[in-house]
Amino acid sequence: MIFEKYKRQIEVFGIDGQERLQNARVLVIGAGGLGSPVIAYLAAAGVGRLGIVDGDTVELSNLQRQIIHAGNLNENKAESAAMFVEKLNPDVVVDVYPYWIHPRNALRLIKSYDVIVGCPDSFKIRYIINDASMLLKKPFVHSAVYGWEGELSVFTGNPCYRCYLPESPETGGTAIVGATAGVFGAMQASEVIKLITRNGSLTSGRVLRGDLSTMEFFSFTIPANNNCPVCSGKLNGMFEENYTGRCEIKRFV
Ligand SMILES: [Zn+2]
């Protein structure tokens, strides 16, 4: 029955790949516009264990992009996502974390998972995910979207997200076309599946950018930063002060 369920993708990455997916533990941080396709495709693909972190509740203005929450207005998003996964693929074990990641719980949340998928809507949480993932040497699959545009990258060590953006720019707006989040979230899911089934990934240290209004995509390499406080190994733990203001690293130990 397992073979029947997944036979179309077993044709792509083999029964070995399917077994790796079944044994994999993936943590998705943020069950919103990006998290919706990530959770849907990873659950459908038969990832063995999915952790879902989100402290928000489903609002009416979320549903133009957060398609896994249909019918679940006012529910916590991690709990709503778990209900969706249960219907789509009851083989998947879901760990529900109905609260936000913060510097005090990040290492505990991340340490039990093999791959970390960042789908938050704030720079602060993105930096928390990056720093905790790098401290624990976990691959971090990143995306961010705005309007018709998005970016995608996979960080597995040096360089990391802080090499790319050492501190947060002015906070962006909230404009988003639902399909943009769908495209980039689906690409995050495919990067996770490639990492787990050992089918390569977007080369670590590259960023893919795309604009769906013109359908122009390009990628570039993040310049090497040997002084990066995080991936050069200088940072020794998670400290609240590194996630205030522009989130630049102020404290190392
Ligand atoms: Zn770095």
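Some observations on this one:
- For Gly185, the conditions (1) assigned to a strand (DSSP E or B); (2) away from the ligand (no atom under 16 Å from the Cβ) all hold with the exception of (1).
- Of all residues in segment 196-205, those that are in contact with a Leu (Cβ under 8 Å, 6 or more places away or on another chain) and open to solvent by 50 Å² or more (accessible area, probe 1.4 Å) total 0.
- If the condition is being over 24 Å from Leu152 (Cβ atoms) and hydrophobic (A, V, I, L, M, F, W, C), then segment 207-248 contributes Leu235, Met238, Phe239.
- Cβ-Cβ under 8 Å pairs, at least 6 apart or on other chains, segment 95-110 side among the aromatic types (Phe, Trp, Tyr), far side crowded, with 20+ Cβ neighbours inside 10 Å and in a loop (DSSP other than H, G, I, E, B): Tyr97/Asp54; Trp100/Asp54
- Verdict on Val26 being farther than 22 Å from Arg126 by Cα, within 18 Å of the chain's Cα centre (by Cα) and crowded, with 24+ Cβ neighbours inside 10 Å: no
- Test for Lys137: is it within 28 Å of Asn199 (Cα to Cα) and open to solvent by 60 Å² or more (accessible area, probe 1.4 Å): yes
- Condition check for Ser201: closer than 28 Å to Ala45 by Cα, more than 16 Å from the ligand (Cβ to nearest atom) and modelled with pLDDT under 95: yes
Rundown of residues vs (1) more than 11 Å from the ligand (Cβ to nearest atom); (2) assigned to a helix (DSSP H, G or I); (3) open to solvent by less than 30 Å² (accessible area, probe 1.4 Å); (4) farther than 15 Å from Asn130 by Cα, yes/no style:
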{"residue": "Ser213", "(1), (2), (3), (4)": "yes, no, no, yes"}
{"residue": "Phe220", "(1), (2), (3), (4)": "yes, no, no, yes"}
{"residue": "Cys228", "(1), (2), (3), (4)": "no, no, yes, no"}
{"residue": "Asn236", "(1), (2), (3), (4)": "yes, no, no, no"}
{"residue": "Lys250", "(1), (2), (3), (4)": "yes, no, no, yes"}
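- Of the residues making up segment 138-149, those that are more than 16 Å from Ser219 (Cα to Cα) and more than 13 Å from the ligand (Cβ to nearest atom) number 5.
- Count of residues meeting criterion [open to solvent by less than 20 Å² (accessible area, probe 1.4 Å) and out of contact with any Cys (no Cβ under 9 Å at 6 or more places or on another chain)] in segment 182-195: 4
- Of all residues in segment 114-137, those satisfying the criterion of being closer than 18 Å to Ala189 by Cα and within 12 Å of the ligand (Cβ to nearest atom) are Asn130, Ser133.
- Qualifying positions in segment 150-174 - crowded, with 18+ Cβ neighbours inside 10 Å, away from the ligand (no atom under 14 Å from the Cβ) and touching a residue at least 60 places away in the same chain (Cβ under 8 Å): Gly150
- Of all positions in segment 238-246, none carries a residue that is in contact with a strand residue (DSSP E or B) (Cβ under 7 Å, 6 or more places away or on another chain), within 16 Å of the ligand (Cβ to nearest atom) and not in a loop (DSSP other than H, G, I, E, B).
- Scanning segment 40-84 for residues that are touching a Leu at 6+ places or on another chain (Cβ under 7 Å) and open to solvent by less than 10 Å² (accessible area, probe 1.4 Å) turns up Leu42, Ala43, Ala45, Gly46, Val47, Leu50, Gly51, Val53, Val58, His69.
The values are calculated or read from the model by the stated rules, or taken from the named source; none is laboratory data. Note that the coordinates shown come from a computational prediction; the quantities given were computed from them, not determined experimentally. Methodologically, a virtual Cβ is constructed for each residue, glycine included, from the backbone with ideal geometry; neighbour enumeration extends over all protein chains shown. Surface accessibility is based on the protein's heavy atoms, side chains included, excluding ligands, DNA and RNA. Shrake-Rupley method; radii C 1.70, N 1.55, O 1.52, S 1.80 Å.
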